[in-house]
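FYI, it's all coordinate maths here, none of it is from the lab. Quick caveat, the model's predicted, so the values are computed rather than measured. Here the Cβ positions follow ideal geometry from the backbone for every residue, glycine too, while neighbour counts run over all protein chains shown.
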Amino acid sequence: MAWLVFTVFGTGAAATRQQGELSFAVLSALKQGLEVEGAAPVQILLFCDAANQRSDLPVHHLIHDTDPGLCGGLRMVADHLAAPFVMVATASVFKSPPARLFDGLTDRPLVQSETGLLSSQAGYETFVDHIIAHSGTRPAADAPAYDLGVLGLDPSRGYFSFLNKNNSSIGINTSERSNFEHFDLIQRIASLGRPDVADALVTLYTGRRHPIRHVYHGMQRSMFPAGQPVNCALASRLPEVKMPPSPFGLRLRAKLGAMRRGFGLGTTAGYHAYLCAFAAPTDDGRDVWANIALDHLEASLAPRDRLARALPRLAQDALDAAKLRPDTTARWLAFWRG
C-alpha cells in the first residue's frame, strides 16, 4: 500500500481555504486514478485535528490535537502508516496518477522541485547557526534548496534514519520554529544526495509567485460551498484552471496609463489587474483580480500616494465600497498602512 498524506490543522480563514484546496486536490487525484496497473494502490490519509475531519471525502484520518510541526508530523505519519507515503500540500493538482510519485522512493526521498541554493533562501542566515549545531556541519556554499510542498519517504529504507536525528529547536522563538525545521529538513535531505522531483507530476499553486492561486480559491468557493458535502462523482469533470482572459482594450489602457505614470513592469501588471477587477462581471471575479493586483503591487517601488491616485477604487477610503471579501480587504488595508 502507498499513501498520499494531506495536513490541515486549525480554524479560521486559513483552515477554510485549505479545506477548499483539499477538496480540489482529492478530486484531482481521483480524476487521475488511484490504481495503476503494476503499481501499489494508493490511499489517502488526512492528518488533522478533530475539527478538520472530512467524512465526505474518500480519506482515512489520523487525528492529533495540535499541529506537531513538520518533522514531528512526519514521524507521527511514518509510525502510523509504516508504509511509503508522500505528503502533499493541499494547494496541489495532479497531472499524472499519484502512483507515479512512488516510483523512486525505494532509493531516495521525493521533493517537489529544486529551488536554487539553500544559502540564498530568505531567512537562511537567521537559522544557520542552529542548523550547524543540530546537523553537525555547515551546508556547503552550493547546497541545493528544495520545495517541500511534495515530500515522499519510505520508512522501511535506510535513508529514512536521517529523520530520527535530534532536531531540537531550543532557543528559537515559537513563531520561527517552523522556518527552522524547514531549513533543517532541507539540509538533511541534501546530505543524502539528489532526491527525485515531482514537478512533472504535481502542480503546486502556493505563494506570491503563483497568482493563479486566487483563481483556484475563487473556483473552490463556488464549487465547494461551506458546510456542504463534496460530490466526488464530479472528479471526472474537474476543470482545468487557467488565468481569466483579459480584453485587449484593458491591456492597452493599462499600458498607456502606466506609461503616463512612469510605472515599471510589476506595477503595470498590478494596474492592469486593478482594471480587470472592476471590469469583472461578478463579485468573486473582482475579488480574484484585486488579490492578483496586490500580489504585483506589494513589490512595487512606486510611492503609496501615487498608487492610491492610480487605483482610486481600491484606495484605503474606498475599500468598503469595493465589496471585497473580508480577507481581501484586510490585505489591502495592510498594504496601504504598511
Return the calculated 222 nm mean residue ellipticity for the chain, to the nearest 500 deg cm²/dmol, obtained by summing -39500 (n - 2.57) across DSSP H runs with n ≥ 4 and dividing by the residue count. -13000 deg cm²/dmol
Measure of compaction for region 78-147 (Cα Rg per 2.2 N^0.38 Å): 1.40
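Of the peptides 17-28, 70-81, how do they stack up when ordered by the mean number of other Cβ atoms within 10 Å, highest first?
Values: 17-28: 22.4, 70-81: 17.6.
Result, highest mean Cβ count within 10 Å first: 17-28, 70-81.
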Evaluate the relative contact order of region 2-204 (contact order divided by residue number), counting alpha-carbon pairs under 8 angstrom at least 6 apart; express in whole percent. 25
Here region 244-337 gives, from Cα atoms, an Rg and Dmax in Å of 12.1, 33
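Sorted by average packing, counted as other Cβ atoms within 10 angstrom per residue and highest first, what order do 182-192, 82-92 take?
82-92, 182-192
Work the Kirkwood hydrodynamic radius out for region 1-83: mean of 1/r over every pair of different alpha-carbon atoms, inverted, in Å. Each step should come with its number before you reach the end.
Numbers: mean 1/r = 0.0741 Å⁻¹.
About 13.5 Å, per the Kirkwood formula over Cα pairs.
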From the residues His296, Pro247, Ala322, which one has its Cα farthest along the dipole of region 223-329 in the positive direction, the dipole being from +1 and -1 charges on Cβ of Lys/Arg and Asp/Glu about the Cα centre? Pro247
Putting +1 on Lys and Arg Cβ atoms and -1 on Asp and Glu Cβ atoms, find which of Phe102, Phe224, Tyr159 reaches farthest to the positive end of the dipole of the chain. Phe224
To check my understanding: the extent here is largest minus smallest coordinate of the Cα atoms along each principal axis. What are those three numbers for region 187-304, in Å, largest first? 51, 44, 25
13 Å beta-carbon shell around Phe278, net charge (K/R +1, D/E -1): +2
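Order 308-319, 102-113 from most to least packed using the mean count of other Cβ atoms within 10 Å. Mind showing how you got there, number by number?
Details: 308-319: 15.6, 102-113: 19.2.
For the peptides 308-319, 102-113, the packing ranking is 102-113, 308-319.
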What whole number of Å gives the distance from the Cα centroid of region 1-49 to the Cα centroid of region 250-312? 35
Stick to the Cα atoms of the chain, pair each with every other, and give me the Kirkwood hydrodynamic radius in Å at one decimal. 21.9
